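First comes the structure, then the notes that go with it.
The values are calculated or read from the model by the stated rules, or taken from the named source; none is laboratory data. Owing to the predicted nature of the structure, the values given are computational and were not obtained by experimental measurement. In this analysis, Cβ positions are derived from the backbone assuming ideal geometry, glycine residues included, and neighbour counts consider all displayed protein chains. Remember, those area values only see protein heavy atoms, side chains included, never the ligands or the DNA or RNA. Shrake-Rupley method; radii C 1.70, N 1.55, O 1.52, S 1.80 Å.
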Amino acid sequence: MAIRIQPSILSADFVNLERDFESISTADGIHVDVMDGHFVPNLTFGVPMVKRMQEITKLPLDVHLMIENPDTWAAKYAELGVFSVTVHLEASKNPSAIAKEIRQNGSRAGIAVKPGTPLQDVAPYLDQFDQLLIMSVEPGFGGQAFIQSSLEKVERASELLGERDTWLQVDGGVDETNIESLAQAGANTFVAGSSVFRAENRNTQIGKLRDLGLLGQGHRH
Ligand code: DX5
Ligand code: ZN
């Protein structure tokens, strides 16, 4: 088992991304939040920006699409050669077709659920995806407080995934106060925006989060 820490660049300096990428060199991947101002009330960037990110870093890019119409857009991100592309269940018309297209373009396929979306809605699609993302804040903004009930949702998601090797990812308000219990509940892939970017030494903070995650994983029964 492994613990993966993926800092979210939503908390980075958007005009100094290259420098900020270097400050998180020990991360397992970089979480890239794409927002369209429609699916969520915030706007970030699109394909051209992600294309440049892919060109300037060797770290795997984990693209989180918080956009309407992922059925049309997901493949365009996968075509860039990014490591993974995650779409929201709530925005997807045909999740199975999206997963297939993402995988055909060589990326891992992820499916995300908002805090209010029940796990039973995503259950029928789990076999087609490589990672399941549990949102632990309402998507849209970094720096929000972790929604406590997400811990139990992660536990149930882990049970639902059973023996599958699907990665279980948590995004929103993840920090040193909750990562150990989240890992104990079965999560293995962690997005951390503000908790990494506000740290004095970002790589030290990534190491601290990873160690706490491993500790939690060790307590799983
Ligand atoms: C929220 C984004 C997250 C966010 C996490 O909509 O999907 O990736 O940047 O940031 P923190 O860790 O600060 O909650
Ligand atoms: Zn995200």
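Got a sec? Which helices (runs of 4 or more DSSP H) wholly within segment 147-221 have at least 1 residues that are within 16 Å of ligand 2 (Cβ to nearest atom), of a type in the set (Ser, Thr, Tyr) and open to solvent by less than 30 Å² (accessible area, probe 1.4 Å)?
150-161, 194-197
Could you give me the residue pairs with C-beta distances under 7 Å whose first residue belongs to segment 161-182 and is more than 17 Å from Ala123 (Cβ to Cβ) and touching a residue at least 12 places away in the same chain (Cβ under 8 Å), whose second residue is open to solvent by 50 Å² or more (accessible area, probe 1.4 Å) and basic (Lys, Arg) wherever it lies, and which are 6+ apart or on separate chains?
Between residues of segment 161-182 that are more than 17 Å from Ala123 (Cβ to Cβ) and touching a residue at least 12 places away in the same chain (Cβ under 8 Å) and residues that are open to solvent by 50 Å² or more (accessible area, probe 1.4 Å) and basic (Lys, Arg), the close pairs are Glu176/Lys208.
Quick check: anything in segment 45-67 small (Gly, Ala, Ser) and within 21 Å of Gly186 (Cα to Cα)?
No, segment 45-67 contains no residue that is small (Gly, Ala, Ser) and within 21 Å of Gly186 (Cα to Cα).
Take the residues in segment 122-146 that are among the charged types (D, E, K, R) and more than 16 Å from ligand 1 (Cβ to nearest atom); name whichever of them is most open to solvent (accessible area, probe 1.4 Å).
Per the criteria, the residue is Asp127.
Looking at Arg108, Arg156, can you tell me which residue is touching a residue at least 24 places away in the same chain (Cβ under 8 Å) and over 17 Å from the mean Cα position of the chain (by Cα)?
The match here is Arg156.
For the structure I just gave you, tell me whether Asn16 is surrounded by fewer than 16 Cβ atoms within 10 Å (Cβ to Cβ) and within 16 Å of ligand 1 (Cβ to nearest atom).
Taking the combined requirement at face value, the residue does not satisfy it.
Does any residue in segment 41-66 that is under 21 Å from Glu138 (Cα atoms) come within less than 7 Å, Cβ to Cβ, of a residue that is loosely packed, with under 15 Cβ neighbours inside 10 Å six or more places away or on a different chain, and which pairs are these?
Close Cβ pairs satisfying both conditions: Leu43/Gly37.
Given the criterion outside any loop (DSSP other than H, G, I, E, B), of a type in the set (D, E, K, R) and within 13 Å of ligand 1 (Cβ to nearest atom), identify the matching residue among Asp71, Asp33.
None of the others qualify; the one that does is Asp33.
Can you spot a residue in segment 48-59 that is of a type in the set (A, V, I, L, M) and under 23 Å from Lys153 (Cα atoms)?
no
Can you tell me which residue among Leu43, Leu61 is open to solvent by 10 Å² or more (accessible area, probe 1.4 Å) and modelled with pLDDT of 95 or more?
Leu43
Can you confirm whether Leu80 is more than 16 Å from ligand 2 (Cβ to nearest atom), within 16 Å of Leu168 (Cα to Cα), touching a Lys or Arg at 6+ places or on another chain (Cβ under 8 Å) and open to solvent by less than 50 Å² (accessible area, probe 1.4 Å)?
no
Counting only residues that are over 16 Å from Gln169 (Cα atoms) and in a helix (DSSP H, G or I), which one in segment 115-124 is nearest to ligand 2 (Cβ to nearest atom)?
Only one residue fits best here, namely Asp121.
Checking Leu119 against (1) at negative phi; (2) within 15 Å of ligand 1 (Cβ to nearest atom); (3) over 13 Å from the mean Cα position of the chain (by Cα), which test does it fail?
Just one mismatch for Leu119, condition (2).
For segment 161-171, how many residues are in contact with a helix residue (DSSP H, G or I) (Cβ under 9 Å, 6 or more places away or on another chain) and under 15 Å from Thr117 (Cα atoms)?
1
Take Val196 and tell me if it is touching a residue at least 24 places away in the same chain (Cβ under 8 Å), closer than 20 Å to Phe21 by Cα and touching a Pro at 6+ places or on another chain (Cβ under 6 Å).
yes
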